[in-house]
Structure formats: structure tokens, C-alpha cells
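Below you'll find the structure, written out as C-alpha cells, and then a few comments.
The values are calculated or read from the model by the stated rules, or taken from the named source; none is laboratory data. Please read these numbers as outputs of a predicted model, since none were measured by experiment. Here Cβ is always computed from backbone atoms with ideal geometry, including for glycine, and neighbour counts include all displayed protein chains. Each accessible area value is taken on the protein alone, full model and side chains, heavy atoms only, with ligands, DNA and RNA left out. Shrake-Rupley method; radii C 1.70, N 1.55, O 1.52, S 1.80 Å.
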Amino acid sequence: MKQITRDEYYERILNVINHIHKNLDRQLPLEELAGVANFSRYHFHRIFKGIVGENLAEYVRRVKLQRAAQKLILTEKKVTEIAFEAGYDSLESFIRAFQSKFFITPNNYRKSYRNSKDQISQINDYNLRTGGVAAMEVRIVKMPAIKVAYSRHRGPYEMCGPAWDRLCCWAVENRQMNGDTRYFGLCYDDPDVTPPDDIRYDACISISNEVEASDDIEIGEIGGGDYAVVLHKGPLNDLYFTYSQVYGKWLPDSGREIKDLPGIDEYLNNPDDTPPNEIKVMIHIPLL
């Protein structure tokens, strides 16, 4: 069993933050940052968001705007030049983003805060989330391998309905659905960092009989081993919040690390005919 301390989790995230600050003038691929943190790319972004309190794109955008604010005061660079250095394609988009954060245009910011260095936003405020997350019951369970039939969906998670329709029709035709059937969703990609059309999701049901795959349905296995398990109750759109609690609060205190495998959502009731606040999903996160 792999052990890792809370301090190690925070040190890894601080290494990433320092790396971001030193390389703000170039693109920073997710794979590179996950490597700096020595975390699986499957889970790095959620760990970062859970601990820091904002996702990578939000964090990078914020510190670039803060650095731009510093340049407006401390340099004579034109606003257009500062906008391009901050990664914006046009002056107009930079002005909109700047106003959204500082409630003032870049030119007026420069005029108002010239020679007032104490007013400059500091970009070394890492804002690590060390508390304030609601308590939850997370259990570590040893789960056996589960044979499944699955249908692959590619696209936004909320549009996975046709994959479930295909799978359930196949299951009925092949007598693979009964009172013991379990329903799983394998979520391979984080929608915060993956283009919508590239998101991958497998709709899965447990099977016990020998059965062959078809054109639309594959046969596979959910691997056994240790899993962190937590119950989510409420709308599916709020699953991200439960994941953030697990990754940001429970995981650093757990002493465990996560396998380089996707998380698994087990649907305990049918989201299609259950009131949103009564939907129950058991989240399974694979552990080393």
C-alpha cells in the first residue's frame, strides 16, 4: 500500500504553482503540470482544484491578469502589448477580462494606481484550501473485479443517454438484466480541461453469463483492488463538488495515492425517473 502524507500533497501542488509562475509566458500542457506534481493525469486536475479552490485554467488566467496589473503600474508598456503577453488574442478580450476582475479598465487602473505599489495584487498568494470543506464519510473498500458489458460515448457527459439506450436494449435482448445488475459510468476525462468532443465515457452494466460482444457493445472488466468510496446524493451536475471534497480534503489526509485509472460512478437509482435531490451515486476512486 502506497503511503503519502498531507504535506507531500501540498508540496507537490506548490511545486506546480511555482512552475506555473515561472512559465507564464508559454503554454503549459496538462501532461507537463501533472508530471511536475508526480500525479496521474487522470486525477491531477481534480487534486489541484480541490486543494487550490479553482481549476488550472482559472488559476493561470487569474495570475496572468494580476501580473498584467503589475505591469500597468510598474512599466511603460502599451496596454496592447501587455494584453498579448497575458495570452489574449485581442485588446478587447483583455479589457473585458480585466474589467471583470478589477471592475475598472486597464487605462484607468494605470492612472488610479500609478505610484501606489501597496495596491498591487500579489501573484504569490497561493490560496491553498486547508479547511472549510464539509465533512463526508469516505470508506476504503477492497472490491473484486467485475465483469461488465459497456457502450462507449464520446462527447459531453450530459449527452451520454444514447449509450445507455444501446446498452440496455442489448442487455434485455441477451437476458443480461435482472435485480442484481449494477450500473456504472466510467469517466475518463475532466470536462474542465478536455474539449467537449473528446470526452470519453463508458456506460457499463455488470454481467455474469458468458455472452459475446456486438457491434455496439464491448465486454470488459472493472479491475479489483482498493477503492475510496463515497456516496453522492443530489443532482448529477453537483458530482464535481463531491469529487472536489474527496480530492481536496479527504485525499491529502488519507495517506493514500490514486491509481492511474478513471474514477467510477455507480448509479444506485435511475437518474431519469428520480427527483434530482434524491439521485444516489456511489463514487469509486481506485487507490494504489
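For this structure, a couple of remarks:
- Once region 48-89 is narrowed to residues that are out of contact with any Phe, Trp or Tyr (no Cβ under 9 Å at 6 or more places or on another chain) and at pLDDT 90 or above, the residue that is least open to solvent (accessible area, probe 1.4 Å) is Lys77.
Okay, residues lined up against (1) free of Cβ contacts under 8 Å to residues at least 40 places away in the same chain; (2) closer than 23 Å to Gly225 by Cβ; (3) outside any helix (DSSP H, G or I); (4) open to solvent by less than 70 Å² (accessible area, probe 1.4 Å):
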{"residue": "Glu11", "(1), (2), (3), (4)": "yes, no, no, no"}
{"residue": "Ile20", "(1), (2), (3), (4)": "no, no, no, yes"}
{"residue": "Asp25", "(1), (2), (3), (4)": "no, no, yes, no"}
{"residue": "Gly35", "(1), (2), (3), (4)": "yes, no, no, yes"}
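- The set of residues in region 189-240 that are touching a helix residue (DSSP H, G or I) at 6+ places or on another chain (Cβ under 9 Å), open to solvent by less than 70 Å² (accessible area, probe 1.4 Å) and assigned to a strand (DSSP E or B) comprises Tyr201, Asp202, Ala203, Cys204, Ile205, Ala228, Val230, His232.
- First in region 173-197 and within 19 Å of Gly161 (Cβ to Cβ) and in contact (Cβ under 8 Å) with a residue 40 or more places away in the chain, second anywhere and in a loop (DSSP other than H, G, I, E, B) and open to solvent by 20 Å² or more (accessible area, probe 1.4 Å), Cβ under 6 Å, 6 or more apart: Pro196/Pro156
- Of all residues in region 75-93, those that are in a helix (DSSP H, G or I) and either among the charged types (D, E, K, R) or without any contact (Cβ under 8 Å) to a residue 24 or more places away in the chain (or both) total 8.
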